[in-house]
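Engineer: Let me begin by handing over the structure; questions about it come next.
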Amino acid sequence: MPTRLFSVRAALRLAAVTVWTAALVGALLTGWLLAFWSVQLRAGWRRRIVRSWGRGNAWILGMRRLVTGQVPHGPSLLVANHLSYLDVVLLAAELPAVFVAKREVRGWPGLGPVAWLVGTIFVDRDSRRDLIRTTAAMSKALRQGDSVVLFAEGTSTRGERVLPLKPALLEPAIQGGWPVRYATLGWRTPPDQPGADLALCWWGEMNFLPHLIGVARLTEFTGTVAFGAEPVSAHDRQSLAAELHSAIARHFIPVGDGVAPCHS
């Protein structure tokens with residue numbers, strides 16, 4: 001297929017993502033204005049907007065979603081392996097949740113303010129004081145009825161394996177007795193398209209905008225989510241991290257093994 005057609009596809013898709021996101025931000029603010037007296041109504045409206053954002057952008061980008069297991073309902077901490085910024089689109093399409101993200105995301109042009117607006121919890125993992133603030137924010141979100149998504153590896157890889165999970169941000173679930181669930185994420189591209197490890201996984205020194213343009217050029221791709229059947233429990237956060245790692249790794253298929261789960 002000519003390069004120009006790929007460029008047109010990418011331009012149209014990225015324009016549609018921008019318009020869809022802006023429209024939903026407007027709908028979010030309008031709903032909040034109309035329900036200014038009710039925290040519960042505003043939270044419910046935010047959850048619906050986030051899910052619509054995920055589903056709409058998945059469709060625009062040509063993302064097929066393959067989900068196995070039961071999607072969690074009710075407030076819980078969902079821990080997943082981290083593959084790409086596309087993980088957020090994929091999970092937002094399946095469950096309305098608050099995400100924990102590195103603090104740098106808040107400074108991203110356009111995306112940072114939107115992430116803040118929908119309740120994303122930003123964390124500086126290198127600051128002990130900020131970890132305390134973040135765990136308090138996570139606890140507050142859970143008490144308000146939100147699911148909280150945590151990518152507990154804390155870094156990106158090319159998708160060779162699931163890295164050990166960092167236990168610090170599991171503390172709110174331990175202290176509050178909230179259910180802890182897990183999901184294993186994966187990506188795959190069709191055989192005639194670039195490999196998922198480079199086209200979809202985002203790791204190392206990859207620049208965001210060129211990578212996103214590459215995603216928008218793909219004819220289609222598939223995101224997979226395998227939700228765990230039962231919550232995982234442990235008496236302390238180190239043991240909980242180890243149990244979650246084992247559960248996620250059981251479903252993980254390294255990039256390049258022919259079926260798509262990849263990791264970043």
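Engineer: So how many Å³ per residue does the convex hull of the Cα atoms of the chain work out to?
Structural biologist: Working: hull volume 31.1 nm³, N = 264.
Taking only Cα atoms, the chain has a hull volume of 118 Å³ per residue.
Engineer: Give the ranking of R250, R129 by solvent-accessible surface, highest area first, calculated with a 1.4 Å probe. Write down the numbers at each step before the final one.
Structural biologist: On the way: R250 165, R129 195 Å².
Sorted by accessible area, descending: R129, R250.
Engineer: Are there GluC sites (Glu not before Pro) in the range 149-217 that DSSP puts in a loop and that have at most 11 other Cβ atoms within 10 Å, and which ones? Before the final figure, lay out the partial values.
Structural biologist: Numbers: sites: E153, E160, E205; in loops: E153, E160, E205.
Answer in residue order: E205.
Engineer: Also, quick follow-up: Output the relative contact order of the range 152-257, whole-number percent, from Cα pairs under 8 angstrom with separation of 6+ residues. Walk me through the numbers on the way to the answer.
Structural biologist: On the way: 142 pairs, mean separation 45.3, N = 106.
Reported as a whole number, the value is 43 percent.
Engineer: Next question. Scan the chain and note any complete DSSP helix (H) whose C-alpha atoms cover at least 24 Å along its axis and whose Kyte-Doolittle average is -1.0 or more. Don't skip to the end; give the middle numbers.
Structural biologist: Working: long enough: 3-34 (46 Å, 1.34); 39-61 (33 Å, -0.44).
Answer set is 3-34, 39-61.
Engineer: Next up: Starting from the Cα gyration tensor of the range 118-246, take the square roots of the eigenvalues, sort them a ≥ b ≥ c, and report rounded, prolate or oblate (rounded when a/c is under 1.5, otherwise prolate if a/b is larger than b/c, else oblate).
Structural biologist: On the way: a/c = 2.11, a/b = 1.76, b/c = 1.20.
Judged from the Cα gyration tensor, the range 118-246 comes out prolate (a/c at least 1.5, a/b above b/c).
Engineer: To the nearest 500 deg cm²/dmol, what mean residue ellipticity at 222 nm is calculated for the chain from DSSP H runs of n ≥ 4 alone, each contributing -39,500 (n - 2.57), summed and divided by the residues? Show your work: numbers first, answer last.
Structural biologist: Details: 9 runs with 122 residues, N = 264.
Taken over the chain, the calculation gives -15000 deg cm²/dmol.
Engineer: Further, regarding this structure: I want to verify a result. In a Gaussian network model of the chain, Cα cutoff 10 Å, which of these has the top mean-square fluctuation: R42, R128, R161?
Structural biologist: Looking only at R42, R128, R161, the largest GNM fluctuation is found for R128.
Engineer: Could you work out which residue, out of V79, V149, V105, moves most in a Gaussian network model of the chain, that is, has the largest mean-square fluctuation with Cα springs under 10 Å?
Structural biologist: With Cα springs under 10 Å in the chain, the top fluctuation among V79, V149, V105 is at V105.
Engineer: Rounded to a whole number of µm²/s, how large is the Stokes-Einstein D of the range 87-182 at 37 °C and 0.692 mPa s, given Rh as the Kirkwood radius over C-alpha pairs?
Structural biologist: Numbers: Rh = 14.1 Å.
So the translational diffusion coefficient is about 232 µm²/s.
Engineer: Follow-up. What is the range 192-260 by shape, rounded, prolate or oblate, if you read a ≥ b ≥ c off the alpha carbon gyration tensor as root eigenvalues and call it rounded for a/c under 1.5, prolate for a/b larger than b/c, and oblate otherwise?
Structural biologist: The shape class here is prolate.
Engineer: Then there is this: Compute the semi-axes of the equivalent ellipsoid of the range 42-105, taking the square root of 5 times each eigenvalue of the Cα gyration tensor, and list them largest first in whole Å. Kindly include the intermediate steps, with their values, before the conclusion.
Structural biologist: On the way: eigenvalues 56, 47, 41 Å².
Rounded to whole Å, the semi-axes are 17, 15, 14.
Engineer: Using a Gaussian network model of the chain with C-alpha springs under 10 Å, which one of L200, L209, L29 is most mobile by mean-square fluctuation?
Structural biologist: Maximum fluctuation in the GNM of the chain, among the listed residues, is at L209.
Engineer: Could I ask something else about it? Report the full-extension gain for the segment V71 to R158: residue separation times 0.36 nm, less the Cα-Cα distance, to one decimal in nm.
Structural biologist: Details: separation 87, 0.36 × 87 = 31.32 nm, distance 2.67 nm.
Length difference between fully extended and current span is 28.6 nm.
Engineer: How far apart, in nm, are the 7 Å Cα→Cβ label points at V25 and A11?
Structural biologist: 2.3
Engineer: Could I ask something else about it? Just to verify a number: FRET efficiency for V114 and R250, C-beta to C-beta distance, R0 = 45 Å, to 0.05?
Structural biologist: After rounding to 0.05, the efficiency reads 0.85.
The values are calculated or read from the model by the stated rules, or taken from the named source; none is laboratory data. Computed from a predicted structure; not experimentally measured. Cβ sites come from the backbone with ideal geometry, for glycine too, and all protein chains shown count toward neighbours. When the accessible area is computed, the model is the full protein with side chains, heavy atoms only, and any ligands, DNA or RNA have been set aside. Shrake-Rupley method; radii C 1.70, N 1.55, O 1.52, S 1.80 Å.
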